[in-house]
Ligand SMILES: Nc1ncnc2c1ncn2[C@@H]1O[C@H](COP(=O)(O)OP(=O)(O)OP(=O)(O)O)[C@@H](O)[C@H]1O
Ligand SMILES: [Mg+2]
């Protein structure tokens, strides 16, 4: 992770050389660098602390651990339910991602391309539901899920997380923007609505789908409040919930706690690293709507 | 192969009537061009034949079937779009075979059909490319191939060449003519380029605001326009129109133009009338010649001269209005010259005040 800022520097060196030509540019560059450093410091501190022994955490204040150790990591993996939390997080995030993307694509396609009674009502309902913060509904969700006896289950955790008006809106907007000739050409070629959707509209631009899938995945993996409420049994916890819930159990063993935290955010960090461009694209796509 | 019959076809978008009670028959195996200014309803008409647009009233028959409410894929028609609409995620071969794979045709059969079409359109070297890796002309050929593979009984083209540059357009025009010759399939071709219509079509249908202004052979449209709209639309540069007063004389019609110049034209098939009628004379640039002395019927000053090598066009301002003259390339005219003009009145057309032509006898 500590290699991250250097790679960024090289990838942006051309942009930097433009900026550093004028005094204002230099000032701006300095400011951004300072902000980046301030932003990055806690992450860096978490990583080096996770590599220190418990004793060292209270004695050392240097920028590098003198005797790096993986004992915190080993402890977090061996002495907690971390592997099971990982599994839970994976099941929940993957299911949420697949379902949200597929359902949103279908809904977006239907609203954008099909003419059926109630279409506009559906569209306005989705737009309005977008205005309601999910957190405001969390008590209702809890009562409903408890009522249908799904607390402490994967399904109970997944269901409310499937509410994702933004993805529907992005898909609808995307399908709206496609020239109608594609659809007409496919219809002339003998395609049914389902074939237009599955064989032309979706594969025409996987970029949108990948981008939406990645941000949905990151969002699902990082979600905390709802999984925290639903998972009552330690074996049902996701990584985010588990790591924070057992802090107390560890006492002030910062190394172990932070090792857990680093492990918890690792998949998201990796997803972000690998799909950086897609994530930016997805944010731009949904920002156009939020703006 | 099949003929296409449209009867009393009407299309309304909300309150806007785009096609009004249109009757048209396109013979089996013929090439019919729909020509008209932008927004006159050409695409709408074509799309109703394709089944992409519902019909407000009237019927569409293809061959001996009434297809007014038949699904597009069951009409036996194929369409080539102006924007080509090639599927960007599929290769050329997959694009061509798309309709076949939807129909569940076996892989071997698909390959065979693609090979046949590719050979016809010289697409063999391109089969594995994606549309983004093709030039405009190649995309156009793929779009035609995609239509061809379905063995349609009617081909529909919506301005297929308008995205190509001038040179390629001429080349593709020839290829289309050749294709029609080889296939002898009925083709309906929308264009607003009259040269395309004149060169390709057996029959040209000129549309004006949703009604047929005139339908006929290229020769008829050029030489016997039924009204002022068609007369002005066909031909480039356009026909000259001169206002005047017409009266019957013993052996024809005499028309007095503004400025007191009187022309005598051969008799027309028009009901006899007494006195004078307001008319417009229409005469093409090639039927106006430069003249001097007593041959000159009208005189004026050349304002612009376009020299095209084999020919040149002079825009002459006269007391009767602006007149375009086609002079042969060898004659030197300069802007600002005062010139005399002679009109070949036998070739002139007369339009009444509603714009209808007085038919030639
Ligand atoms: N879906 C629609 N809803 C409402 N009006 C439409 C629709 N489609 C076409 N029109 C209108 O119908 C008229 C004819 O359109 P059409 O596309 O057939 O013209 P066109 O002759 O093909 O023109 P162009 O040469 O520009 O392609 C236009 O006034 C257009 O605005
Ligand atoms: Mg059109």
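The values are calculated or read from the model by the stated rules, or taken from the named source; none is laboratory data. These numbers come from a predicted model, not from an experiment. Note that we place each Cβ from the backbone using ideal geometry, even for glycine, and neighbour counts take in every protein chain shown.
Structure notes:
- Taken over the range B:67-77, residues that are within 23 Å of residue B:211 (Cβ to Cβ) and more than 14 Å from every other protein chain (Cβ to nearest Cβ) amount to 1.
- Pairs with Cβ under 9 Å, 6+ apart, first in the range B:38-58 and more than 14 Å from every other protein chain (Cβ to nearest Cβ), second within 13 Å of ligand 2 (Cβ to nearest atom) and in a helix (DSSP H, G or I): B:55/B:48; B:58/B:48
- Looking across the range A:228-255 at every residue that is within 24 Å of residue A:269 (Cβ to Cβ) and in a loop (DSSP other than H, G, I, E, B), the one that is modelled with the lowest pLDDT is identified as A:246.
- Scan of the range B:61-78 for residues that are touching a helix residue (DSSP H, G or I) at 6+ places or on another chain (Cβ under 6 Å) and more than 24 Å from residue B:124 (Cβ to Cβ), ordered by number: B:72, B:77
- The listed residue being part of a helix (DSSP H, G or I), modelled with pLDDT of 95 or more, surrounded by fewer than 15 Cβ atoms within 10 Å (Cβ to Cβ) and more than 14 Å from every other protein chain (Cβ to nearest Cβ), out of A:121, A:139: A:121
- Within the range A:176-204, the residues that satisfy the criterion of being facing chain B (nearest Cβ under 9 Å) and not in a helix (DSSP H, G or I) are A:179, A:189, A:190, A:191, A:192.
- Scope the range B:54-85; condition within 13 Å of ligand 2 (Cβ to nearest atom), buried (at least 19 other Cβ atoms within 10 Å of the Cβ) and not in a strand (DSSP E or B); matching residues: B:81
- In the range B:256-279, the residues that are touching a helix residue (DSSP H, G or I) at 6+ places or on another chain (Cβ under 9 Å) and farther than 15 Å from residue B:359 by Cβ: B:263, B:264
- Condition met for residue B:100 (in contact with a helix residue (DSSP H, G or I) (Cβ under 6 Å, 6 or more places away or on another chain), within 16 Å of ligand 1 (Cβ to nearest atom) and under 29 Å from residue B:61 (Cβ atoms)): no
So that you can scan it fast, the table gives a plain yes or no per residue for (1) closer than 28 Å to residue B:287 by Cα; (2) in contact with a strand residue (DSSP E or B) (Cβ under 7 Å, 6 or more places away or on another chain); (3) within 14 Å of chain A (Cβ to nearest Cβ); (4) away from ligand 1 (no atom under 16 Å from the Cβ):
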residue: B:122; (1), (2), (3), (4): no, no, no, yes
residue: B:125; (1), (2), (3), (4): no, no, no, yes
residue: B:132; (1), (2), (3), (4): no, no, yes, yes
residue: B:139; (1), (2), (3), (4): no, no, yes, yes
residue: B:176; (1), (2), (3), (4): no, no, no, yes
residue: B:184; (1), (2), (3), (4): no, no, no, yes
residue: B:201; (1), (2), (3), (4): yes, yes, no, yes
residue: B:212; (1), (2), (3), (4): yes, yes, no, no
residue: B:219; (1), (2), (3), (4): yes, no, no, yes
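- The range B:18-43: number of residues that are more than 12 Å from ligand 1 (Cβ to nearest atom) and farther than 19 Å from residue B:227 by Cβ: 8
- Filter result (without any contact (Cβ under 8 Å) to a residue 24 or more places away in the chain and buried (at least 16 other Cβ atoms within 10 Å of the Cβ)) within the range A:91-118: A:110
- Hey, residue B:108 modelled with pLDDT of 95 or more, loosely packed, with under 14 Cβ neighbours inside 10 Å, away from ligand 1 (no atom under 16 Å from the Cβ) and more than 30 Å from residue B:41 (Cα to Cα) or not: yes
- Meets criteria (more than 14 Å from chain B (Cβ to nearest Cβ) and either modelled with pLDDT of 95 or more or surrounded by 20 or more Cβ atoms within 10 Å (Cβ to Cβ) (or both)) for residue A:155: yes
- Selection within the range B:141-188 - free of Cβ contacts under 8 Å to residues at least 40 places away in the same chain, surrounded by 15 or more Cβ atoms within 10 Å (Cβ to Cβ) and not in a helix (DSSP H, G or I): B:161, B:164
- When residue B:244 is tested against (1) in contact with a strand residue (DSSP E or B) (Cβ under 8 Å, 6 or more places away or on another chain); (2) more than 16 Å from ligand 2 (Cβ to nearest atom); (3) within 14 Å of chain A (Cβ to nearest Cβ), only condition (3) is not met.
- Filtered residues of the range B:84-102 (kept if at the interface with another protein chain (Cβ under 10 Å from one of its Cβ atoms) and more than 21 Å from residue B:156 (Cα to Cα)): B:88, B:89, B:90, B:101
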